[in-house]
């Protein structure tokens, strides 16, 4: 059977490979931390850099990639800190923004 997160071999009756299961538990335990704080925790779990990259790009349950979930959590915390409504940003919205690439031109004047 294949891992639902990274699509590597997971074992006969397992839905996640061992590295992804460990990384997912670290993510769930420390959810809400920014990416720069999560990366050392991921590396400290014993996973290689390549396994962490595959985990961050993976979509375990169809709600969006892990990296997009982290970005959405950070955006929601920022919105809440400025008095906005919490929970406004989803992982799907972050994925669409990242795919569009429009964020690269935010510092430039429009034509």
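The numbers here are math on the coordinates, done by the rules we state, and not lab data. These figures come from a predicted structure and were not determined experimentally. Every residue, glycine among them, receives a Cβ derived from its backbone with ideal geometry; neighbour counts consider all protein chains shown.
For this structure, a couple of remarks:
- Percent RCO, i.e. relative contact order, over the chain, from Cα pairs under 8 Å lying at least 6 residues apart: 19
- The length gained on full extension between residue 30 and residue 63, counted as 0.36 nm times the residue separation minus their Cα-Cα distance, comes to 10.0 nm.
- Measure of compaction for segment 18-103 (Cα Rg per 2.2 N^0.38 Å): 1.11
- Spin-label pair residue 85-residue 49: with each label point 7 Å from Cα along the Cα-Cβ axis, the two points sit 4.2 nm from one another.
- Among 52-58, 22-28, the peptide with the highest mean count of other Cβ atoms within 10 Å heads the list, and the full ranking is 52-58, 22-28.
- Inter-probe distance in nm under a simple model that places probes 7 Å from Cα toward Cβ, at residue 108 and residue 39: 2.6
- Within the chain, helix-based [θ] at 222 nm, where runs of 4 or more DSSP H residues each add -39,500 (n - 2.57), nearest 500: -15500 deg cm²/dmol
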